[in-house]
Structures are given as structure tokens and as C-alpha cells.
Amino acid sequence: QVQLVESGGGLVQAGGSLRLSCAASGRTNSTYIMGWFRQAPGKEREFVAFIARRGTTYYDDSVKGRFTISTDSAKNTVYLQMNSLKPEDTAVYYCAASSNFGFLTQALQYDYWGQGTQVTVSS
């Protein structure tokens, strides 16, 4: 089992920045891809970004150039640096981990999930 705990959400004005953290514990060696998803009220959970153990990253077009995913292996922590935030970025943000390889942008491809952290961007 892998446990994921997100932190760093909050309220920010449009154009501002936030950094989300996801601390992983347990059998972290069994996971190869770490991802961030988000879910706005009344909408389905959507992919934001992933990072593979070897460092490969991928972003949804809606956040490309504004968000950066990174890891600190020593701390078993994944980060999502969010810059130039927009009101449409408002959502609950979830960290996820997968034991699968590949190009993982679907929620069903991930095995473990955090509890989520709220990000609210005011206009």
C-alpha cells in the first residue's frame, strides 16, 4: 500500500502562485508514475500532469507553461508549482500514484490517491 497526503492548497488571486506538495509513504518503490489531477464542482476529475521515476514529465495543454511537476526523491515528495493561476484552475487537486508504466493520463490508470487539497483562484 501507498499513502499520499497533499498540502499547500488555498485561496489566491488570479495571476498568483501556489505550490502543492504530495508526501508519499509505504511501498513507494512499487510505483513508477506520480500524477496530479483536479476536479471542479460538477465536473469530472481531469488530468493535470505526471512525472515518471526517470523524470519524464507531461502536462495537459490547459496548464502547459504555467505548472511544473517535480519530485524530491529523498523526501518521497512530489510537487506541483502553479504560476499565473486563473479562476478556471479552481478545483480540488489530487495526487495519485501508479504501479503501471506508460503514458498515464486517465484516472483509472492510477492505483493510489490522496484526499485532495482545495485550490481557489479569485478573479
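Looking at segment 40-121, the accessible area is 54 square angstrom per residue; that uses a 1.4 Å probe and ignores ligands, DNA and RNA. Ranking 25, 9, 106 by how far each Cα lies toward the positive end of the dipole of the chain (charges on Cβ) leaves 25 at the top.
Straight-line cross-link partners of residue 86 among the aspartates and glutamates, defined as a Cα under 19 Å from its Cα and at least 8 positions apart when in the same chain: 44, 46, 60, 61. Global dimensions of segment 12-123 from alpha-carbon coordinates: Rg and Dmax equal 13.3, 41 Å. Within the shell defined by Cβ-Cβ distances under 15 Å, the residues around residue 40 carry a net charge of -1, with Lys and Arg each +1 and Asp and Glu each -1. Taking a straight Cα-Cα cut-off under 26 Å and skipping sequence neighbours fewer than 8 places away in the same chain, the lysines within cross-link reach of residue 75 are 64. Counting only protein heavy atoms, what percent of the accessible surface of the chain is carbon or sulfur at a 1.4 Å probe? Within the chain, the accessible surface is 47 percent carbon and sulfur. The spacing between segment 1-25 and segment 29-72, judged by their C-alpha centroids, is 12 Å.
For segment 46-123, a simple Cβ point-charge model (Lys and Arg +1, Asp and Glu -1, everything else neutral) yields a dipole of about 260 debye relative to the Cα centre.
The values are calculated or read from the model by the stated rules, or taken from the named source; none is laboratory data. Predicted model only: the values in this text are computed from it and were never measured. In this analysis, Cβ positions are derived from the backbone assuming ideal geometry, glycine residues included, and neighbour counts consider all displayed protein chains. Protein only, heavy atoms only, side chains kept; ligands, DNA and RNA dropped before computing areas. Shrake-Rupley method; radii C 1.70, N 1.55, O 1.52, S 1.80 Å.
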